[in-house]
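Q: Provided herewith is a single structure, encoded as structure tokens, for subsequent inquiry.
The values are calculated or read from the model by the stated rules, or taken from the named source; none is laboratory data. Computed from a prediction, not measured in an experiment: that's the story for all the values here. Cβ atoms come from the backbone with ideal geometry, glycine included; neighbour counts cover every protein chain shown.
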Amino acid sequence: MKRILVTGAGGQIGSELVPYLRSIYGESNVLATDVKAPEGDLAQGPFDLLDVRDGRRASELIGAFKADTVIHMAGILSAKGEENPNFAWDINVNGTVAMLEAAREHRCAFFFPSSIAAFGPTTPRVNTPQDTIQRPTTVYGIAKASMEMLCDYYHLKFNLDTRGLRFPGLISYVTPPGGGTTDYAVHIYYDAITKGSYTSFIAKGTYMDMMYMPDALEAIVQLMEADPSKLKHRNAFNISAMSFDPEEIAQSIRKVIPDFKLEYDVDPLRQSIAESWPDSLDCSAAREEWGFAPKYDLDRMTVHMLEKLKERLVKA
Ligand code: SER
């Protein structure tokens, strides 16, 4: 990667990915794009407005910037997708197809963020294999599974350098997620700092894969820089750094805030989505093919999250 265009740059991952890429590849070599005008760090480097469904504009921007890589982060998350399935399909599928076509026109490498949501209730739940049954039951998951296959197709058919990761729930203190099922694992840290308690919309005993944002950013760069001759898979690799239920994350928080209280008010929609996803992924293909090695486990992440959020929220 030398010249990179990022879509969805203002989102949960994009807002941290863009500064991270700029720190590695140089500020002027990373073009941030989003449907909304930039805020914060994004405003400091190259930025253009882009609706990912507008393939013509995407192609013009890629051409003018002379991008060699497209990192396509724009998308609607799982719970929000269920509120308006047609809109989620339009952004998550039509937007990805438009960006893939623009990348093909300019022979760009293409990164696609898939998800644990690309699996479904008939997928083996524990130690979910890299290659297994994928019958997702959310519009978000169906879009992710379809786009994984379409990205593989672009590689096979057009020899486009497409690569992707199946992200677990991502936890970060910078930009909060919006409308996802794994969001509880971010909100719990905010409420731990501001209220000393949290009411979880996900039930006790519900396990999902998770990862701290710095590990996710590093994984994107590692995969995109990996030697292509080593890649047996492309779209998309299972990755995860930990798997926990609400009780286990609460226990981890209590090591720092002993009085922290966890209560439940389960949301049926998000609970049913969570129950359709794996408990824990087998990440051996990612480790073997490109050296995936996350640094943060639950307790290390908790200490870092609480420290950073305290700095931000207690001052504010
Ligand atoms: N974090 C996403 C969500 O909850 C899953 O990829 O929607």
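Q: Residue under question is THR132, and the condition is that it be touching a Pro at 6+ places or on another chain (Cβ under 7 Å) and more than 16 Å from the ligand (Cβ to nearest atom); does it hold? First the steps, then the outcome.
A: Details: touching a Pro at 6+ places or on another chain (Cβ under 7 Å): yes; more than 16 Å from the ligand (Cβ to nearest atom): yes.
Yes: the conditions hold for THR132.
Q: Out of everything in region 208-240 that is of a type in the set (Ser, Thr, Tyr) and crowded, with 19+ Cβ neighbours inside 10 Å, what residue ends up being nearest to ARG125 (Cα to Cα)? Write out each step before concluding.
A: Narrowing region 208-240 to residues of a type in the set (Ser, Thr, Tyr): 212, 229, 240.
Those left that are additionally crowded, with 19+ Cβ neighbours inside 10 Å: 212, 240.
Numbers: TYR212: 22, SER240: 14 Å.
Per the criteria, the residue is SER240.
Q: When you go through (1) of a type in the set (D, E, K, R); (2) within 17 Å of ILE116 (Cβ to Cβ); (3) not in a loop (DSSP other than H, G, I, E, B) one by one for GLU288, which number turns out not to apply?
A: (2)
Q: Here are the criteria: (1) away from the ligand (no atom under 12 Å from the Cβ); (2) crowded, with 18+ Cβ neighbours inside 10 Å. Tell me which single one LYS204 does not satisfy.
A: Among (1) away from the ligand (no atom under 12 Å from the Cβ); (2) crowded, with 18+ Cβ neighbours inside 10 Å, the lone unmet condition for LYS204 is (2).
Conditions (1) away from the ligand (no atom under 16 Å from the Cβ); (2) touching a residue at least 24 places away in the same chain (Cβ under 8 Å); (3) more than 19 Å from PRO19 (Cβ to Cβ), marked per residue:
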residue	(1), (2), (3)
PHE167	no, yes, no
THR182	no, yes, yes
ALA192	yes, yes, yes
SER200	no, yes, yes
VAL221	yes, yes, no
GLU225	yes, yes, no
HIS233	yes, yes, yes
PHE237	no, yes, yes
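Q: Being modelled with pLDDT under 95 and of a type in the set (A, V, I, L, M) narrows it down to one residue among ALA98, ALA64, ALA43, ALA117; which is it? Break it down into steps so the answer makes sense when it comes.
A: Numbers: ALA98 fails: modelled with pLDDT under 95; ALA64 fails: modelled with pLDDT under 95; ALA117 fails: modelled with pLDDT under 95.
Going through ALA98, ALA64, ALA43, ALA117 in turn, just one is modelled with pLDDT under 95 and of a type in the set (A, V, I, L, M): ALA43.
Q: Working carefully through the options ASP279, ASP267, find the one that is modelled with pLDDT of 95 or more, within 16 Å of the ligand (Cβ to nearest atom), more than 27 Å from VAL18 (Cα to Cα) and more than 21 Å from the chain's Cα centre (by Cα). Let's see the steps before the verdict.
A: Working: ASP279 fails: more than 21 Å from the chain's Cα centre (by Cα).
Going through ASP279, ASP267 in turn, the sole match is ASP267.
Q: Quick check, is LEU17 under 30 Å from THR137 (Cβ atoms) and either part of a helix (DSSP H, G or I) or acidic (Asp, Glu) (or both)?
A: Values: under 30 Å from THR137 (Cβ atoms): yes; either part of a helix (DSSP H, G or I) or acidic (Asp, Glu) (or both): yes.
Considered against the rule, which asks whether it is under 30 Å from THR137 (Cβ atoms) and either part of a helix (DSSP H, G or I) or acidic (Asp, Glu) (or both), LEU17 comes out as yes.
Q: Okay, moving on. Can you report the number of residues in region 155-177 which are outside any loop (DSSP other than H, G, I, E, B) and surrounded by 17 or more Cβ atoms within 10 Å (Cβ to Cβ)? Explain how you work it out, then say what you get.
A: Just the residues of region 155-177 that are outside any loop (DSSP other than H, G, I, E, B), to begin with: 155-158, 162-167, 169-171.
Next cut, surrounded by 17 or more Cβ atoms within 10 Å (Cβ to Cβ) only: 155, 162-167, 169-171.
Matching residues across region 155-177 total 10.
Q: Using beta carbons and a limit of 8 Å, which pairs, at least six apart or on different chains, have the first residue in region 267-289 and under 22 Å from ILE239 (Cβ atoms) and the second one among the aromatic types (Phe, Trp, Tyr) and more than 12 Å from the ligand (Cβ to nearest atom)?
A: Qualifying pairs under 8 Å: ASP279/TYR207; SER280/TYR207; CYS283/PHE237; CYS283/PHE292; ALA285/PHE237; ALA286/PHE237; ALA286/PHE292; GLU289/PHE237.
Q: I need a count of the residues in region 39-72 that are among the hydrophobic types (A, V, I, L, M, F, W, C) and either touching a Cys at 6+ places or on another chain (Cβ under 7 Å) or touching a residue at least 60 places away in the same chain (Cβ under 8 Å) (or both).
A: Our first condition is that a residue be among the hydrophobic types (A, V, I, L, M, F, W, C); within region 39-72, this holds for 42-43, 47, 49-50, 52, 58, 61-62, 64-65, 67, 70-71.
Applying the additional criterion that residues be either touching a Cys at 6+ places or on another chain (Cβ under 7 Å) or touching a residue at least 60 places away in the same chain (Cβ under 8 Å) (or both) yields 62, 65, 67, 70-71.
The number of residues fulfilling the criteria is 5.
Q: Looking at region 267-275, can you tell me whether even one residue there is of a type in the set (Ser, Thr, Tyr) and buried (at least 20 other Cβ atoms within 10 Å of the Cβ)? Show your work before the answer.
A: As a first pass, look at region 267-275 and keep what is of a type in the set (Ser, Thr, Tyr): 272.
The next check asks that each one be buried (at least 20 other Cβ atoms within 10 Å of the Cβ); those that pass are none.
Checking region 267-275: not a single residue is of a type in the set (Ser, Thr, Tyr) and buried (at least 20 other Cβ atoms within 10 Å of the Cβ).
Q: Within region 28-40, can one find any residue that is farther than 15 Å from GLY10 by Cα and of a type in the set (S, T, N, Q)?
A: First, the residues of region 28-40 that are farther than 15 Å from GLY10 by Cα: 28-29.
Among the residues that remain, those that are also of a type in the set (S, T, N, Q) are: 28-29.
Within region 28-40, one or more residues are farther than 15 Å from GLY10 by Cα and of a type in the set (S, T, N, Q).
Q: Let me ask something additional. Helices (runs of 4 or more DSSP H) wholly in region 59-125 with at least 2 residues that are within 16 Å of the ligand (Cβ to nearest atom) and over 24 Å from LEU223 (Cα atoms) - which ones?
A: Working: elements: 78-83, 85-89, 95-105.
Answer list for region 59-125: 78-83, 85-89.
Q: Also, I was wondering about something else. If you go through region 293-312 one residue at a time, how many are out of contact with any Ser or Thr (no Cβ under 6 Å at 6 or more places or on another chain) and either aliphatic (A, V, I, L, M) or closer than 25 Å to PRO136 by Cα (or both)?
A: Of region 293-312, the ones out of contact with any Ser or Thr (no Cβ under 6 Å at 6 or more places or on another chain) are 293-297, 300-301, 303-312.
Going one step further and asking which of them are either aliphatic (A, V, I, L, M) or closer than 25 Å to PRO136 by Cα (or both), we end up with 293, 301, 303, 305-306, 309.
The total comes to 6.
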